Structures are given as C-alpha cells and as structure tokens.
Amino acid sequence: MSALTLPHCPSCGAFHWPARTICPHCHTLLPEGAPWAPADSRGTVLARTSLHVSLDTAFDASLPRALATVALRAGPQVIAFAPTAFEIGDPVNVSLSQDHHGRQVLSAAPATRQDDN
Amino acid sequence: MSAGYYDIALCAPFSLVPERFSTKSTQRLIAEVLSGVMKKARMPMGELDGLSIASFTLAPDTAIAMVEHLGLSCRYVDQPILGGASAIAAVRRAARMVAAGDVRTVAIIGADKNDATSFSKIVEDFSVFARDAVWPYGAGGPNAVFALITDHYMHRFGAAREDFGALCVAQRNNAQGVPHAIFRDRPLDLSAYMSARPIAEPLCLYDCVMPVAGGEGCLVMHMRDAEAAGLPYARRLATLERHNAFCDDPVQTRGGWAMDEAAFWAQSGTTPDTVDCIETYDDYPVMSFIQLEDLGFCSEGEAAAFVRTLTRDRDGRLPINTSGGQLSAGQAGAAGGHLGLVEGLRQVTGLAEGWAVERARTALVAGYGMANFDRGLCATAALLAEGRRA
C-alpha cells in the first residue's frame, strides 16, 4: 500500500536518505542510476519546526511552513513537509512527490487507523 | 608522544570589527586579519612560513592563491573546509607540524565576506545532501535544521526556552564593551528574548547568529619562539577532532566531542572543573548545551542546570562565551570557529578586550561545523593554558 520509494542497496537491502553513490551501511558501490525501491511509508515524528523565514522568496507565500524529522520504519530519518498539528511521537505516513522545480520532496501526513502504526 | 607537542604556543590574537554587510572582498578581509595579527606579533609578514585559511567565500582563490597574493613563501599551506571546526583543526595540524620542525610560524586565519546575497548562496549550494534533502523544504537553511535539533532536545531532556534564554542573555551581557562584538551596545533581557519574533520555531530571533563580514586570526609557533619574541602566549594542552560521530543517532543530541572526551582530558592532564572559561561554538544555544555535556562539564541533558549553577558577576556575566560569542559578535562564515579560539587565547594571556575573567588560566574552546544534511558533522575542541601573560 506504500507509495513511497527510497534509495536502496541491492546488496544488503538497506534504505538510505539522502541518495548516495555508496551504501552507508555495507559500503557497496551502488549502480549508477539505480532505481529507488518501494519502502514502508510509516514513520514516527522525532522533531518539528514551523518555518517563518526563508532564504528563497519563492517560499514566502507559503510561510509559516511546518516541517518534521521523521524516523521511517524503512530505516532512515528524513526531513519532510508536515501538517502543523503534529506532536513528537505521532505516527505518520510519508509520501514522495515532485515540487514545481521537479525535485523529489517528502511529505508526512497523519497515519490513519488502517495504517496500523 | 613527542614532548614538543606540549610546547606549542598560540599568540597574537586579532579580530576585525565585523560589519553586517560589506562590499569588501574575502581576499581583503584575509589581508586585514593577517596584517592585524602580524602587527600584534611585531613580526614582519615575510617571516611567516605557514598559512592556514578557512573561508566559504574565497573562490575562485584558494589558500595557495593567497600565498602568492600576500607575497609569502611557505612550507605549510592548508585550507581546512570544516566550517566552524576549521580553526581548532588548523591549530591541531599546525601544532604537529611546528613540533616536528617542519614549519616555524603558522598564521591561523578565518574570514568571510557578506554582501547582500552571499549567505543565501552559501546555503543553497552548501552540499549535495543539503541541496537535495533540506533546501527544497522551505529553504530555511541552518535555522530549520537546528530548529529540529532544538525541538527534539527540549522534548527529550525537558529543557525550556527560558533555559536557552538564560545563556543568550548572559552572553549578551558579556559582549557589552567588546569592540569587535556587533551587538556590544545592545543588551538583551529575558523578556525581550522570550518575545522575539519566531524564525523557525522553537528558534526565535535571539537564538540565531547574524551573518556578518569579518575575520579572526592568531599565530601558532614553538613556545621558545614566543618567549624569545617576548609575546604573551597560551599553551596548547589538548586538542580534539572527530567527524561524523554517532551517525546512527536519529536526531543529533551529541557530537564528536562525546566520542573523544576522555582522551582529550587525559591528554590535557587536567579536568573540566579546573577550567576558568568556556568558549563554545554557539551557532545556536542548543549546540552550546550539547558541547557542555559532551565535553564533560555536566551529564547529557543537564546543561540547563549546569548553566544555572555557574556564578555570575554583578553584571550578570557568565564565564561562557566571554566576548559574547557569535550570538553577540555575528558569524563571519567559517571564521565563526576562530572567534572562540581567539577569545580563549585572549582570556588566558591577559589580552581581553572587553570583560576579563578574573584569574583566567585555562580556557576550553570548542568548534563545530558543516550541517551537510540534518546535523553538524565536525567537532573540535582545544584546551589552552596561560603561558606568558601580557
């Protein structure tokens, strides 16, 4: 049911974030352009912030903007966009989408009961 | 261990008066710092045979380009790219080189320009990880990363904004009258700290360093050379350098200091309770707390209580970040780590330009740098002791 894909090591099976050229866990050299692999999208909020000041004026209209550090069950921790109502320890689902620059960005949403967090 | 490693002197501390924005180039700032250092040392610049430069904005030049630019001929040229950990890393390297006799006099220089756009350029292109996994999330820069670290720390250890505020207010008191502190005439009280506008919650205005144009520097040489020149100097008792420590911690609550703290104090031959003043790398107050914990001044999560137990003087000054730290002086890029080093050197040599801590004989200085993704990777520390006072 997960729509999340993450950089992945075909040798040891571990996910990592951000994308790398070598697996930080087993140090296997990763194939160039290796596809990201489906990953468990469930995670837990470790930290939150509400950003009021941006260094890029393109973001000004969307401030304040909530962010969270999320520990993914898949392994790595990520920085993601988040709703403002999160508390530390809350279960979330993280999804991947493209922003208007075509960059892959992660967003956390409240976990539903069916997600079995 | 080579006995000569314990005979290393630091001397000739110099700080530029920072400017919020400046049209000066980084090359000019480096030249101004080096001129200031050599004047303090009463030494012709041509006698330098070692140069270490830390800067984020020197490109397209490098340290070797500056050697030619400055008209030097060197046996040791270095450009540590470790952000706020660069200064102490440079001292650590230079100390070994001097002890080995491979070089005689090394200038340790940090400088960065700050025009209207230089700070956002540094942040946007800081690293591949930052470009891919931090910048797209609102382009908050280090404020966003350290807001997350601060939020996690507060939740885990029960620290409150007032705890950080107590340190920030004390530091600002320390800065009053320090000629090179940009906020030397702007005292701060706890209510102003608490009601400041939010930057990246829980961080508000007075938790965040102000980027400035500036630079700092000093010299490393053998003690006998400092003695022969009649210069006030500090001795290097110990240095620590550790990068990317505890990388499995999901959010940073400690840095490389904690990994090597025991070896550091063993090398120094002393203990934290003998330290007279502490210069943390205070890019954000949570990092000062973590350094106090990791370097053995208190247990993990206990920094707020430790700061409360320290004796303040009648003006509310604390022997932490004795010239006000970067939170009062501004952060001149990679020279932010030189600020604490130069200030610790001043305190133990009787050269303080503002508040002189009474009978300061030892100073602990910490460096920290390079928030590549979600934490700073580089940790350094140095223990300096009185050698010869002014």
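Each reported figure results from applying straightforward, stated rules to the coordinates on display, with no laboratory input. For clarity, every value in this text was computed on a predicted model and none was experimentally measured. Here the Cβ positions follow ideal geometry from the backbone for every residue, glycine too, while neighbour counts run over all protein chains shown.
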Assuming a viscosity of 1.306 mPa s and a temperature of 10 °C, what translational diffusion coefficient in µm² per second does Stokes-Einstein assign to the protein assembly as shown, Rh being the Kirkwood radius over Cα pairs? 68
Prolate/oblate/rounded label for segment B:123-183 (Cα gyration tensor, a/c 1.5): oblate
On average, how many beta carbons from a partner chain sit within 10 Å of the beta carbon of a residue in A:82-93? 1
Under a point spin-label approximation (7 Å from Cα along Cα-to-Cβ), what is the residue B:28-residue B:69 distance to one decimal in nm? 1.2
Which residue, B:298, B:11, B:218, tops the fluctuation ranking in a GNM of chain B built on C-alpha contacts under 10 Å? B:298
Rg/Rh over Cα atoms for segment B:252-347, Kirkwood Rh, comes to 0.94
How many angstrom lie between the C-alpha centres of segment B:189-254 and segment B:256-290? 11
At a 10 angstrom cut-off on C-beta neighbours, averaged per residue, how do the peptides B:118-124, B:313-319 rank from highest to lowest? B:118-124, B:313-319
Would you mind pulling out the separation of the Cα centroids of segment B:21-39 and segment A:1-47, in Å? 45
Inter-chain Cβ neighbour average for residues B:370-376, partner chain, 10 Å: 2
In terms of the charge dipole of the protein assembly as shown, which places +1 on Lys and Arg and -1 on Asp and Glu at the beta carbon, the residue among B:89, B:378, B:234 farthest towards the positive end is B:234
Excluding residue A:74 itself, calculate the net charge of residues whose Cβ lies under 12 Å from the Cβ of residue A:74, where each Lys or Arg counts +1 and each Asp or Glu counts -1. +1
Distance in Å, no decimals, from the C-alpha centre of segment B:66-106 to the one of segment B:316-390 is 19
Please order A:4, B:10, B:384 by the number of other Cβ within 10 Å, starting at the fewest. A:4, B:10, B:384
Hey, got the dipole for chain B? About the Cα centre, +1 on K and R Cβ, -1 on D and E Cβ, debye to the nearest 20? 940
Here the FRET efficiency for residue A:63 versus residue B:227, based on Cβ atoms and R0 = 60 Å and rounded to 0.05, is 0.55
Quick check on the exposure proxy: order A:100, A:52, A:8 from fewest to most C-beta atoms within 10 angstrom. A:100, A:52, A:8
Per residue of segment B:256-263, in order, report the coupling 6.51 cos²θ - 1.76 cosθ + 1.60 (Karplus, θ = phi - 60°) as ³J(HN,Hα) in whole Hz, putting x for Gly and Pro. x, 4, 5, 5, 10, 4, 5, 5
Give the lysines whose C-alpha is closer than 20 Å to that of residue B:113, dropping any in the same chain fewer than 8 places away, or say none. B:24, B:121
In debye, nearest 20, what is the charge dipole magnitude of segment B:180-287 about its Cα centre with +1 on Lys and Arg Cβ and -1 on Asp and Glu Cβ, if you could check? 220
Report, in debye and to the nearest 20, how large the dipole of segment B:1-154 comes out about its Cα centre when Lys and Arg carry +1 and Asp and Glu carry -1 on their Cβ. 400
What FRET efficiency comes out for residue B:17 versus residue B:205 if R0 is 30 angstrom and r is the Cβ-Cβ distance? Round to the nearest 0.05. 0.85
Among B:282, B:273, what is the fewest-to-most ranking by other Cβ atoms within 10 Å? B:273, B:282
From the square roots a ≥ b ≥ c of the eigenvalues of the alpha-carbon gyration tensor of segment B:109-217, which class results: rounded (a/c under 1.5), prolate (a/b over b/c), or oblate? oblate
FRET efficiency (residue B:359, residue B:115; Cβ distance; R0 56 Å; to 0.05) is 0.85
From the residues B:18, B:285, A:106, which one has its Cα farthest along the dipole of the protein assembly as shown in the positive direction, the dipole being from +1 and -1 charges on Cβ of Lys/Arg and Asp/Glu about the Cα centre? B:18
Which listed residue (A:93, A:72, A:14) has the Cα farthest towards the positive end of the charge dipole for chain A, taking +1 on Lys and Arg C-beta and -1 on Asp and Glu C-beta about the Cα centre? A:14
Cα-based Rg and Dmax for chain A, in Å, come out at 15.2, 44
If you plug each phi of segment B:205-220 into the Karplus form 6.51 cos²θ - 1.76 cosθ + 1.60 with θ = phi - 60°, what whole-Hz ³J(HN,Hα) values come out, in order, with x for Gly and Pro? 3, 8, 8, 10, 6, 9, x, 9, 8, x, x, 9, x, 7, 10, 10
Per residue of A:11-17, how many C-beta atoms from partner chains lie within 10 Å of its own C-beta, taken as a mean? 1
Quick query: amide H of residue B:245 versus all other amide H atoms, modeled in the peptide plane; which residues come in under 5 Å with a sequence gap of 5 or more or a different chain? B:256
